[in-house]
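Trainee: Structure provided below as structure tokens; questions to follow.
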Amino acid sequence: MKALPGKYNESRTQNMSGYLVCTQIYQISARVPSPEIISIAALKLRENGLVAFPTETVYGLGANALNDTAVGRIFEAKGRPFFDPLIVHIANRSDIENVAKSIPKIAYDLAEKFWPGPLTLVLKRLDRVAEKVSAGLGTVAVRMPDHQIPLDLIIAAGIPIAAPSANLFTRPSPTSAQHVLDDLDGHVDIILDGGPCPIGLESTVLDLTKKNPTILRPGGTPAEALREVIPDLLVPAQSLMHEETGSPTSPGLMLKHYSPKARFLLFTGGKEEPSSRLREIISNLLASGYKLGLMVTDRDFPAFTDLPIEIEKLGHEENLAEIGQNLFNKMRLLDKKKVDFILMRSLRTEGLGLAIRDRLFKAAEQQIIDLEEPVDIEKITLNLKHQKRT
Ligand code: TXA
Ligand code: MG
């Protein structure tokens with residue numbers, strides 16, 4: 001992407017509805033967003049166009065949440081199935097009443113404590129919210145982002161904004177404007193480039209329509225912090241690693257998600273020190289002619305530098321915020337290097353660790369390889385042989 005002070009037209013494509021899309025990119029300060037650029041983007045949203053913007057979590061692909069045609073374009077641009085509902089973004093706590101009804105007291109308490117911030121509340125939906133936002137459900141997911149660009153944009157547009165992560169369906173979420181451009185060039189009208197996203201992982205989705213408040217997706221607001229306000233909080237097994245329950249509680253909790261193009265191998269167990277078992281597996285895969293990428297903490301990095309593989313450092317092993325911020329970016333970087341496999345050891349699950357593990361687990365298509373057990377290389381490489389690079 002060119003560095004630019006103003007705007008430029010990247011490309012034009014005709015989408016399925018015959019709508020000619022010409023992606024424009026604006027660089028905009030995240031701290032003091034230019035009111036001029038905000039009003040251009042706000043107008044585009046009011047015209048039912050698509051605007052991608054940064055939030056504190058990941059970039060969102062926004063459209064007028066009150067208009068089915070506008071919301072339909074989000075699904076089309078992302079290639080997202082219509083049964084997976086979207087999050088509605090608001091700019092003031094009190095706007096919750098413009099999109100939801102029968103709001104329980106706990107929602108107000110949570111909004112008071114965690115908004116603006118990476119917490120999405122699932123509530124009963126008001127009819128004025130476009131049906132496509134909720135994918136036919138009677139509920140709506142709402143959040144107030146902790147980022148000046150969407151806050152200004154929502155106020156300027158005067159409408160709530162429906163926005164999923166601005167990536168192609170099943171690709172890792174975008175944490176920079178370049179990621180959005182890589183996935184959606186020619187499919188989004190405007191990209192507001194406000195720099196990298198500070199958290200880098202999506203919001204926590206909390207369902208308040210159940211008997212017990214239930215985390216549907218762990219994210220930027222840790223379960224421990226929520227539990228202080230909600231003692232009977234449920235964190236279903238799907239968010240954890242070793243258990244796999246039946247159908248998804250959140251339509252978005254589908255098997256393949258957040259995946260790099262490479263096959264993602266997630267390892268558990270092994271010693272505290274970088275495992276010799278992992279080196280053994282790497283050697284075996286290298287011997288079979290595969291190109292490998294490894295994502296490691298700073299501590300593990302030196303143990304692998306002698307190997308002919310692509311290595312990406314995620315950050316200090318104690319700093320889950322840093323690791324979380326880097327996670328999707330590093331997956332995308334390794335994909336650009338066209339590796340066949342990305343390998344990574346699992347991390348602890350406290351705090352942001354639960355969200356990180358959830359994304360890794362999904363990237364690995366819910367398979368974890370135990371380093372204590374004998375590893376079957378044939379099984380790992382199964383169905384990949386035909387893709388093998390020579
Ligand atoms: O941080 C975030 O949440 C980002 C930024 C842009 O706000 N958005 C995001 O949206 O990650 P998306 O669409 O990629 O993920 C939304 C998740 C999906 O898992 C979806 O199934 C769930 O929220 N969701 C949305 N509406 C829901 C509803 N009414 N009931 C249950 N789950 C819902
Ligand atoms: Mg997403």
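Trainee: Pull out all pairs, ordered by first then second residue, where Cβ-Cβ is under 6 Å, the residues are six or more apart or on different chains, the first lies in region 54-83 and is under 24 Å from residue 28 (Cβ atoms), and the second is assigned to a strand (DSSP E or B) and open to solvent by 10 Å² or more (accessible area, probe 1.4 Å).
Mentor: 58/165; 70/64
Trainee: Tell me, yes or no, whether region 305-314 has at least one residue that is within 27 Å of residue 183 (Cα to Cα), open to solvent by 20 Å² or more (accessible area, probe 1.4 Å), of a type in the set (Lys, Arg) and assigned to a strand (DSSP E or B).
Mentor: Yes, the conditions are met somewhere in region 305-314.
Trainee: Among the residues of region 315-344, count how many are open to solvent by 30 Å² or more (accessible area, probe 1.4 Å), under 18 Å from residue 201 (Cβ atoms) and under 20 Å from the mean Cα position of the chain (by Cα).
Mentor: Of region 315-344, the ones open to solvent by 30 Å² or more (accessible area, probe 1.4 Å) are 316-319, 321-322, 325-326, 329-330, 333, 336-338.
Filter once more, so that each one left must be under 18 Å from residue 201 (Cβ atoms): 316-319, 321-322, 325-326, 329-330, 333.
When the remaining residues are screened for being under 20 Å from the mean Cα position of the chain (by Cα), the result is 319, 321-322, 325-326, 329-330, 333.
So the answer is 8.
Trainee: Restricting to region 157-202, and then to whatever is of a type in the set (S, T, N, Q) and within 13 Å of ligand 1 (Cβ to nearest atom), can you tell me which residue is surrounded by the fewest Cβ atoms within 10 Å (Cβ to Cβ)?
Mentor: Filtering region 157-202 down to residues of a type in the set (S, T, N, Q) leaves 165, 167, 170, 173, 175-176, 178.
Those left that are additionally within 13 Å of ligand 1 (Cβ to nearest atom): 165, 167, 170, 173, 175.
Working: 165: 30, 167: 25, 170: 18, 173: 26, 175: 28.
Of everything passing the filter in region 157-202, 170 is surrounded by the fewest Cβ atoms within 10 Å (Cβ to Cβ).
Trainee: Scan region 134-156 and tell me whether some residue there is open to solvent by 10 Å² or more (accessible area, probe 1.4 Å), more than 17 Å from residue 115 (Cβ to Cβ) and in contact with a helix residue (DSSP H, G or I) (Cβ under 8 Å, 6 or more places away or on another chain).
Mentor: yes
Trainee: Here is a follow-up. Those residues that are in a loop (DSSP other than H, G, I, E, B) and hydrophobic (A, V, I, L, M, F, W, C), I need them from region 165-209; list them, please.
Mentor: Within region 165-209, the first condition is being in a loop (DSSP other than H, G, I, E, B), and the residues that meet it are 166-176, 185-189, 194-203, 208-209.
Scanning region 165-209 gives 166, 168, 169, 188, 197, 199, 201, 208.
The values are calculated or read from the model by the stated rules, or taken from the named source; none is laboratory data. As the structure is a computational prediction, the values presented were derived from the model and not from experiment. With ideal geometry, Cβ positions are generated from the backbone for all residues, glycine too; neighbour counts draw on all protein chains shown. Just the protein is used for accessible areas: all its heavy atoms, side chains included, with ligands, DNA and RNA removed. Shrake-Rupley method; radii C 1.70, N 1.55, O 1.52, S 1.80 Å.
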